[in-house]
Amino acid sequence: MRDVRLAHADFDPAHEMAHFTARQDAGGVTSFLGKVRSEASDNPVLALELRHYAPLTLPGMEELAMRAERNWKLTGLLIIHREGVMEPGDPIVLVACGARHRRDAFEASDFLMDHLKSESWFWKREKTANGWRWIEPRAQDADDLARWAHIR
């Protein structure tokens, strides 16, 4: 079972996880929920905006899901990624993987998140009291992605 979605509005992570786990025949289910932070250094975040290139975003997310399925024995996979303007506390991304054994679920989730964070089709900017500013990838993001160079 693969469920990959680009969300144009808020979603309920608890509802999504309840639905996902109810459909799993797995020994282990892992999940990661990314939310809008309320602070960027010492400056409170008022909003976060994610823009994307529509012709590539969902097909790219689907291809990423297929890569995970090729490399780990999964019983299910869920990716929901928001786009648009969000406020602190809003969910941005939910990734969940089910597998007969926990290691496959953990590794596939980690692989998916590293790629969604570092090698995706989204541009991110945040609004503070100083206005909007684009957020550039961090060096750590590139290091995290490099761990998966052997995965095709």
³J(HN,Hα), Karplus 6.51/-1.76/1.60, whole Hz, each residue of segment 109-118, x for Gly, Pro: 4, 5, 4, 4, 5, 4, 6, 5, 6, 10
Qualifying lysines (Cα of each under 20 Å from Cα of LYS117; at least 8 residues distant if same chain): LYS35, LYS127
Estimated [θ] at 222 nm from DSSP helical runs (n ≥ 4, -39500 (n - 2.57)) normalised by residues in the chain, nearest 500: -11000 deg cm²/dmol
Two-site label geometry, ALA9 and ALA54: point separation in nm, points 7 Å out along Cα→Cβ: 1.7 nm
Inter-label distance for ARG147 and ASP25, nm, one decimal - labels placed 7 Å from Cα along Cα-to-Cβ: 3.1 nm
Cα gyration tensor of segment 12-152 - equivalent ellipsoid semi-axes, whole Å, descending: 28, 17, 13
Stokes-Einstein diffusion coefficient of segment 109-152, Kirkwood radius over Cα pairs, 37 °C, 0.692 mPa s, in µm²/s: 279 µm²/s
The chain, relative contact order [Cα under 8 Å, separation at least 6], %: 33 percent
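Rolling a 1.4 Å sphere over the protein heavy atoms, what is the accessible area per residue of the chain, to the nearest Å²?
Values: 8560 Å² over 152 residues.
Per-residue value: 56 Å².
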For segment 1-72, the Rg and Dmax computed from alpha carbons only, in angstrom: 15.6, 45
Within segment 123-152, backbone nitrogen closer than 17 Å to the virtual label 7 Å beyond the Cα of LEU46 toward Cβ: 125-135
Length-normalised contact order of segment 67-116 in % [C-alpha pairs under 8 Å, at least 6 apart]: 40 percent
Rough spin-label spacing in nm, given labels placed 7 Å along Cα→Cβ, for TRP134 and ARG102: 4.2 nm
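The values are calculated or read from the model by the stated rules, or taken from the named source; none is laboratory data. Computed from a prediction, not measured in an experiment: that's the story for all the values here. Neighbour counts are summed over all protein chains in view; Cβ atoms, including those assigned to glycine, are modelled from backbone coordinates with ideal geometry. Please note that ligands, DNA and RNA were not included when accessible areas were found on the heavy atoms of the full protein model with its side chains. Shrake-Rupley method; radii C 1.70, N 1.55, O 1.52, S 1.80 Å.
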